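Asker: Next up is a structure, given as structure tokens.
Since every read-out is calculated from the coordinates, none of them should be taken as a lab result. Just so it is clear, the model here is predicted, and its values are computed rather than measured. Cβ sites come from the backbone with ideal geometry, for glycine too, and all protein chains shown count toward neighbours.
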Amino acid sequence: MAWFDRLKEGLLKTRQGVQSSLRRLVGRGVDPAVLEEVEAALLSADVGVRAVDRMMERLRDHGRGTDPTESLGLLKETLFEILAPAQSEPLETIIRRGPRPYVILAIGVNGVGKTTSVAKLASRLKQAGMTPLLVAADTFRAAAIEQLEIWGKKIGVEVIKHRQGADPTAVVFDGIAAAKARGVDVVLIDTAGRLHTKVNLMDELKKMKRVLNRELPGAPHEILLTLDGTVGQNGLAQARQFHETLGVTGLALTKLDGTAKGGVLVAIAEDLKIPVRLIGVGEQEEDLQDFRAREFVDALFGVEV
Amino acid sequence: MFSALTEKIEKVFKKLRGQGVLTEQNVAEALKEVRLALLEADVNFKIVKDFIGRVQEKAVGREVLESLSPGHQVIKIVWEELRDLMGQDHAGLSLSSVPPTVMMLVGLQGSGKTTTCGKLGRMFKHQGKRPLLVAADPRRPAAGDQLASLGSDLDVTVHRADQEGASRSDVVRLCTEGLARGRDHGYDVVIFDTGGRLHVDDELMLELEDIKRAVNPHEVLLVADAMTGQEAVNVAERFDERVGLTGVILTKIEGDARGGAVLSIRAATGKPIKFLGIGEKADALEVFHPDRMASRILGMGDVLTLIEKAQEAFSKEEAESLQRKVASNTLTLEDFREQILQVNKLGSFDQILSMLPGGERLKTMAGAQEGGLPEKEMKRVVAVIDSMTPRERRDHTLLNGSRKKRIARGSGTSVQEVNRLIKQFLGARTMMKSLVGGGPGKPGKLRKRRKLIRALPSF
């Protein structure tokens, strides 16, 4: 199934919500009750109350005396304008252009799907003809190392690891040494999940970044923040805090195959302007896809309106 | 973003000071802030709408209680409504009279089921019961290893399959075996850690139904991430439809997520929240109290839990003697040191701050400070005081240049740091005095806050 269809299917529920509201909008002109429905649909997509309030304001201003279909187009255009800068080239292109080894540091709060995404990304890069290396720097969570190892075996990628409880920075250090010795193309570092409010754990990431840069000037080349697609407004707080501490260079939004819409992306794109490198739309390895703003907005609203 | 709600509402009402009755207009203005705040806390938008309507109805026309400002009055109504939404009292686990009690943890991927399973195991063990954990997630690589590793750390038995087999009947068979083992070997509680699954994944939801039929659990608990957005209600409703939930465990609550999801799940499905996951360690599991959560959602902190913890850590006599000393301004560095160590007993600085009103903001401030790790800082302070002689600790005025130099050397710090500590100590002494409100003059800040807290019925 194509990415677009998959996403559309995933987003079906909201789309129906938004769409039916919008159809009525088209039929009846901009009437407050209908506006309220549109607002509700956007809110239920986790777009966030502030962004929604702003959009509704624009719609109301614009709506007076104009064709409702036009207003709807405006709403879509507004969302697209916000999300377009977040669209990025495929990671493969970026990596090919960048230095070797290209180092990707995967970070995020607990349970967002870092390990799974890192493994799927490694598999994708391998299929593109590159040699990836996985580094199991989550030495905290029980069996996190085993989880990555099993993935490594499955996709045929080497995993650098220490024992559970080891200093994650030491694993990173070894990972870089191994990457240099083996001449790999990409190093993917899987770190332990941590809440963005824990100062000492955030400092640990800073240290990892420092050591990376010392061992390989310029590294990490990509600091990839993984967000859970079902996350609410806290997603913005997460992105802000990680960005402030480390300088996030790309986002991965996972678990979009449920009924989650990932609307918080709108607020993040507006506020932080971080490109979205990947979206996860399913369990399979090929379900880790590139983000396209137009398709995201279209899927949210339904193309046929 | 949320902790400022109380402040914002007070601001709305500041203009209206002296009014005896809450009018439609001033209530509406305050409720606009409440709506914004609730939506930002990820409370389901439908629930927010109903909620605001109900509060408005209750608030308008009500006479302002003598002890409360109009702003506090509205907050009180909001607080009561929030508490009621989450179910007035806390709901315990229903334990079977004939052991083993069978529990099943279900939820989305990454919500924290396995970690929570370990925490529950630890809790039951501490209560003197024999828990058995069953690793019923054949799909996520190393999920069984994770539970086994938690189990061995906690000295709790884990039942798991010999190999990772993924068919539906394999999982059901494993669960049946786990239950039989629990029953035959006299375990008190058997907890099934099922794999994460999407609520719309029909195949996997069927598996869950099969497991439920096979083990016939007393408790089916949904493990949900506190950071979940509007999706929370969908997820809970779907799981409830398929396997009939008996309650919810909310995880990752120790961050800055307000946990609006809690409110939504309870209000939409009527299922009580039973526990909160408040950290990564095995003991970070707390019984859920709706009234306290209401305070947290309003950014008022969870003073009650803090008080309970403090009561465990301090004796009454200690507290009284401290209060006397503070009021008479005879607090010494020795007491100061004692205080710091006592505070450490309450939990990490982070956890304590989150329980205080406006604590989230304090946390950011503390984190932003140069070298601002409060825990480290506290250790240094204790080290400096430890390097003083007993006499110096009782009388800080003795400290001259050469004594300070000696102390700095002894504690591995510098004279500047010793000076800073003394300044901090004196500052803290003055501040504590104003909080206790010992002397004449204005009532302390704490007293004012207490007035509000007292007005909230269950406090």
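Asker: Relative to a virtual label point 7 Å from the Cα of A:Arg96 in the Cα→beta-carbon direction, which members of the stretch A:193-227 show backbone nitrogen distances below 20 Å?
Answerer: A:221-222
Asker: Starting from the Cα of A:Asp203, step 7 Å along the direction of its Cβ; do the same at B:Lys58; then give the gap between the two resulting points in nm.
Answerer: Modelled inter-label distance: 4.4 nm.
Asker: Another question, if that's okay. Just the number, please: percent antiparallel of the DSSP beta bridges in the stretch B:181-286, rounded to the nearest 5.
Answerer: Looking only at bridges with both residues in the stretch B:181-286, the antiparallel portion is about 20 percent.
Asker: Report the antiparallel proportion of the DSSP beta bridges in the stretch B:101-290 as a percent, rounded to a multiple of 5.
Answerer: Here the share of antiparallel DSSP bridges comes out near 10 percent.
Asker: What's the FRET efficiency of B:Asn216 with A:Ala178 using the Cβ-Cβ distance as r and R₀ = 35 Å, to the nearest 0.05?
Answerer: 0.10
Asker: For peptide B:229-241, what's the mean number of Cβ atoms from other chains within 10 Å of each residue's Cβ?
Answerer: For peptide B:229-241, the averaged partner shielding equals 5.
Asker: To the nearest 0.05, how large is the calculated FRET efficiency for A:Lys153 and B:Arg139 if R₀ is 22 Å and r is the Cβ-Cβ distance?
Answerer: So, using R0 = 22 Å, E works out to roughly 0.90.
Asker: Considering only the other residues whose Cβ falls under 15 Å of the Cβ of B:His218, what net charge follows from Lys and Arg at +1 and Asp and Glu at -1?
Answerer: +4
Asker: Inside 10 Å of the C-beta atoms of B:250-257, what's the mean count of C-beta atoms belonging to other chains?
Answerer: Partner Cβ neighbours, averaged per residue: 5.
Asker: Of A:Lys153/A:Lys273; A:Lys198/B:Lys119; A:Lys273/B:Lys274, which sit over 29 Å apart, Cα to Cα?
Answerer: The answer is A:Lys153/A:Lys273; A:Lys273/B:Lys274.
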